[in-house]
Amino acid sequence: MTLDRFVRIKYRSDDEKIGELVRILGELGLDCARTIEEKVDLQFDALRNLRENLGNDELFIKLVVANAIVSYQLSAKGEQWWWEFSRYFSANPPGGSIAEAYSEFLPNSRTNRRIVAGKIRRLERLEPFLESLDVAALREYYFGGMERLRDDLAGTLNSKKSAKTIVFAVKMFGYAGRISFGEFVPYPMTIEIPDDVRINAYTKHFTNEPPVSFWARIAEETGIPPLHIDSILWPVLGGSDEVLRRLKDHCGKSNAVLRLASL
Ligand SMILES: Nc1nc2[nH]c(O)nc2c(=O)[nH]1
């Protein structure tokens, strides 16, 4: 247990910069987050590609959740990992156990090479939960409140509800649900930002407060849920030329997004 539950910690914060951050995010809004998710984020394209090739929405959505659960300590950029995942399972759709399929995939992966045994154990733990779900149950998680999926994943894996892989699995489930069910459902305000390396380093430009609580407050101030703030920031913070080109081509507010990234 940490002391900050009992003691109010005074964090360093650059209030002028935070004011500018809130102003730009307010200007961008949820519409811009959605545009970036669907037209700029290379991860969304990787999922669309896999869904087309599999032709099986239940398997597609389950694979996406499983992949997010092992998306940590990557050996390459996240975008490369999601494309490797998409290509591999397009060519090798699992006939049975997802954990067994990963025990073939991960040892030969170029972009996710660390802690392979631990990641497969996590998938073995996840498998009974995924097996218990059909498309109707997945649809209910999508339209009926993605917090329930967050809670059930955290319970299954004995993780904190705010753990990076748990909230990230909900983000990617939201992408997969949107692709499969053909409707946009905004992420709930109560699901935290995934605290990965990019978001962690960027947060330090504003404060030494932990990213999860900092971005929860910025979300309340701007009315943009934390997972959608993640969608605005994460692709552009990766700095790939392809992302910057897509941003200019598809987002009318690309200059504001770039200003945000350079704060
Ligand atoms: N915060 C985020 N972390 C990520 N890791 C990964 O592979 N993708 C993401 C992402 O979209 N956001």
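Modelled label positions at Phe143 and Asp14, each set 7 Å beyond Cα in the direction of Cβ, lie 4.6 nm from each other. You can think of it this way: the chain between Val197 and Glu131 has 20.6 nm of extra reach, that is 0.36 nm per residue less the Cα-Cα gap.
With viscosity 0.890 mPa s and temperature 25 °C, the Kirkwood radius over alpha carbon pairs of region 42-181 converts through Stokes-Einstein to a diffusion coefficient of 166 µm²/s. Using the structure shown, select from Lys77/Lys253; Lys77/Lys164; Lys17/Lys204; Lys77/Lys119 the pairs with a Cα to Cα distance greater than 23 angstrom. As for pairs spanning more than 23 Å Cα to Cα, those are Lys77/Lys253. Model label sites at Val185 and Glu52, defined 7 Å from Cα along the beta-carbon direction, differ in position by 2.5 nm.
Quick check: Cα centre of region 11-58 to Cα centre of region 65-89, how many Å? Measuring centre to centre over Cα atoms gives 18 Å. Near Asn255: Cβ cut-off under 11 Å, other residues only, Lys/Arg at +1 and Asp/Glu at -1. The net charge is +2. Using C-alpha pairs under 8 Å with a sequence gap of at least 6, the mean separation divided by the residue count of region 42-181 gives a relative contact order of 34 percent.
Packing, taken as the mean count of other beta carbons within 10 Å per residue, orders the peptides 32-45, 175-188, 10-23 from highest to lowest as 32-45, 175-188, 10-23.
Under the criterion of Cα pairs below 8 Å and six or more residues apart, the relative contact order for the chain equals 29 percent.
Using Cα centres only, tell me the gap between region 100-114 and region 221-263 in whole Å. Result: 30 Å between the Cα centres.
Between Arg113 and Asp31, the distance separating the two model label sites (each 7 Å from Cα on the Cα→Cβ line) works out to 4.5 nm.
None of the figures in this text is laboratory data; all of them are computed from the coordinates on show. Every value quoted in this text rests on a predicted model; they were computed, and no experiment measured them. Reconstructed Cβ throughout: ideal geometry from the backbone, glycine too, with neighbour counts over all protein chains shown.
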